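Single-structure report; data block below.
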Amino acid sequence: QVQLVESGGGLVQPGGSLRLSCAAFGGMFSTGTTGWYRQAPGKERELVARMHPDGWMTYADSVKGRFTMSRDNAKNTVSLEMNSLKPEDTAVYYCNLEYVIMTYWGKGTLVTVSS
(Lines give C-alpha, C1' and ligand atoms only; values in the text may rest on other atoms or scores of the structure.)
Protein backbone atom coordinates (compact mmCIF):
# COMPACT_ATOMS: atom_id res chain seq x y z
CA GLN A 1 0.00 0.00 0.00
CA VAL A 2 1.05 3.60 -0.49
CA GLN A 3 2.72 5.34 2.41
CA LEU A 4 3.37 9.09 2.51
CA VAL A 5 5.85 10.66 4.91
CA GLU A 6 6.06 14.41 5.47
CA SER A 7 9.05 16.20 6.95
CA GLY A 8 10.33 19.72 7.50
CA GLY A 9 7.86 21.11 9.99
CA GLY A 10 8.94 23.15 12.95
CA LEU A 11 8.93 26.55 14.58
CA VAL A 12 9.53 29.63 12.47
CA GLN A 13 9.15 33.36 13.10
CA PRO A 14 6.63 35.46 11.20
CA GLY A 15 8.09 36.50 7.87
CA GLY A 16 10.36 33.49 7.80
CA SER A 17 10.54 30.58 5.38
CA LEU A 18 10.23 26.84 5.63
CA ARG A 19 10.27 23.97 3.17
CA LEU A 20 8.20 20.85 3.63
CA SER A 21 8.88 17.60 1.82
CA CYS A 22 6.87 14.46 1.26
CA ALA A 23 8.18 11.09 0.13
CA ALA A 24 5.97 8.37 -1.31
CA PHE A 25 6.52 4.66 -0.90
CA GLY A 26 4.57 2.16 -2.97
CA GLY A 27 3.15 4.80 -5.29
CA MET A 28 4.24 7.53 -7.66
CA PHE A 29 3.24 11.16 -7.39
CA SER A 30 3.43 11.49 -11.16
CA THR A 31 0.60 9.00 -11.67
CA GLY A 32 -2.00 10.83 -9.61
CA THR A 33 -3.07 14.17 -8.27
CA THR A 34 -0.98 15.24 -5.30
CA GLY A 35 -1.53 18.05 -2.88
CA TRP A 36 -0.76 19.76 0.39
CA TYR A 37 -3.49 20.39 2.94
CA ARG A 38 -3.47 21.89 6.39
CA GLN A 39 -5.61 21.84 9.48
CA ALA A 40 -5.40 24.47 12.19
CA PRO A 41 -6.75 23.90 15.71
CA GLY A 42 -10.53 24.09 15.70
CA LYS A 43 -10.65 24.50 11.93
CA GLU A 44 -11.54 22.28 9.00
CA ARG A 45 -8.88 20.79 6.80
CA GLU A 46 -8.22 23.04 3.82
CA LEU A 47 -6.43 22.80 0.52
CA VAL A 48 -3.11 24.61 0.29
CA ALA A 49 -1.82 23.52 -3.11
CA ARG A 50 -2.55 20.79 -5.62
CA MET A 51 -0.66 19.45 -8.61
CA HIS A 52 -2.09 17.26 -11.38
CA PRO A 53 -0.05 14.63 -13.26
CA ASP A 54 0.47 17.05 -16.15
CA GLY A 55 1.94 19.65 -13.81
CA TRP A 56 -1.08 21.94 -13.60
CA MET A 57 -1.22 23.55 -10.17
CA THR A 58 -3.75 25.35 -8.06
CA TYR A 59 -3.22 27.29 -4.84
CA ALA A 60 -5.46 28.54 -2.11
CA ASP A 61 -5.96 32.29 -2.34
CA SER A 62 -4.47 32.70 1.12
CA VAL A 63 -1.08 31.36 0.03
CA LYS A 64 -0.77 32.57 -3.56
CA GLY A 65 2.49 34.40 -4.09
CA ARG A 66 3.94 33.01 -0.86
CA PHE A 67 3.92 29.22 -1.24
CA THR A 68 5.29 27.17 -4.11
CA MET A 69 4.66 23.48 -4.67
CA SER A 70 7.03 21.36 -6.71
CA ARG A 71 7.44 17.73 -7.73
CA ASP A 72 10.62 15.77 -8.32
CA ASN A 73 9.68 12.75 -10.39
CA ALA A 74 13.14 11.21 -10.22
CA LYS A 75 13.12 11.23 -6.42
CA ASN A 76 9.37 10.67 -6.18
CA THR A 77 8.92 13.53 -3.75
CA VAL A 78 6.84 16.67 -3.56
CA SER A 79 7.77 19.83 -1.71
CA LEU A 80 6.09 22.96 -0.44
CA GLU A 81 8.24 26.04 -0.12
CA MET A 82 6.64 28.51 2.24
CA ASN A 83 7.76 32.12 2.37
CA SER A 84 6.57 35.20 4.24
CA LEU A 85 4.95 32.98 6.83
CA LYS A 86 2.19 34.37 9.00
CA PRO A 87 0.85 33.22 12.38
CA GLU A 88 -2.34 32.12 10.63
CA ASP A 89 -0.28 29.61 8.65
CA THR A 90 0.17 27.62 11.87
CA ALA A 91 -1.30 24.18 11.28
CA VAL A 92 -0.57 20.54 10.76
CA TYR A 93 0.35 20.12 7.11
CA TYR A 94 -0.49 16.94 5.24
CA CYS A 95 0.47 15.72 1.81
CA ASN A 96 -1.76 13.41 -0.16
CA LEU A 97 -1.90 11.37 -3.33
CA GLU A 98 -5.20 10.87 -5.09
CA TYR A 99 -6.11 8.12 -7.49
CA VAL A 100 -9.53 7.57 -9.02
CA ILE A 101 -10.53 4.97 -6.42
CA MET A 102 -8.26 5.76 -3.48
CA THR A 103 -6.72 8.69 -1.64
CA TYR A 104 -3.66 8.38 0.58
CA TRP A 105 -2.64 10.73 3.37
CA GLY A 106 0.52 11.27 5.34
CA LYS A 107 0.45 11.61 9.12
CA GLY A 108 1.24 15.31 8.95
CA THR A 109 3.97 17.66 10.09
CA LEU A 110 3.38 20.59 12.45
CA VAL A 111 4.27 24.10 11.37
CA THR A 112 4.18 26.77 14.07
CA VAL A 113 4.63 30.41 13.11
CA SER A 114 5.24 32.49 16.19
CA SER A 115 7.58 35.04 17.71
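Per residue, how large is the accessible surface of the chain? Use a 1.4 angstrom probe and give square angstrom.
55 Å²
Run the quick spin-label model on GLN13 and VAL100: label points 7 Å from Cα toward the beta carbon, then report their separation in nm to one decimal.
5.1 nm
Quote to one decimal, in nm, the extra length available between TRP56 and ASN83 on full extension: 0.36 nm per residue of separation minus the C-alpha distance between them.
Once the chain is fully extended between TRP56 and ASN83, it gains 7.6 nm.
Mean shadow of the chain, computed from the convex hull of its alpha carbons, in nm²?
6.8 nm²
Take the solvent-accessible surface of the protein heavy atoms, probe 1.4 Å, and return the percent of it on the chain that carbon and sulfur atoms account for.
52 percent
If the cut-off is 18 Å between C-alpha atoms, which lysines fall inside it for LYS64, apart from same-chain ones fewer than 8 positions away?
LYS86
Ignoring the sites themselves, what is the longest stretch of the chain with no chymotrypsin sites (Phe, Trp or Tyr not before Pro) in a DSSP loop and at most 15 other beta-carbon atoms within 10 Å?
In short, 1-55.
Name the residues whose placed amide hydrogens come within less than 5 Å of the amide hydrogen of LEU85, ignoring near sequence neighbours (fewer than 5 apart) on the same chain.
Hits under the 5 Å cutoff: GLY15, GLY16.
How much FRET efficiency would the formula 1/(1 + (r/R0)^6) give for GLN39 and ASN73, where r is the Cβ-Cβ distance and R0 is 35 Å, rounded to 0.05?
About 0.80, to the nearest 0.05.
I'd like the antiparallel share, as a percent to the nearest 5, of DSSP beta bridges with both residues in the chain.
95 percent
The values are calculated or read from the model by the stated rules, or taken from the named source; none is laboratory data. Keep in mind the model is a prediction, meaning the values are calculated, not measured. Note that we place each Cβ from the backbone using ideal geometry, even for glycine, and neighbour counts take in every protein chain shown. With ligands, DNA and RNA removed, areas are computed over all heavy atoms of the protein, side chains included. Shrake-Rupley method; radii C 1.70, N 1.55, O 1.52, S 1.80 Å.
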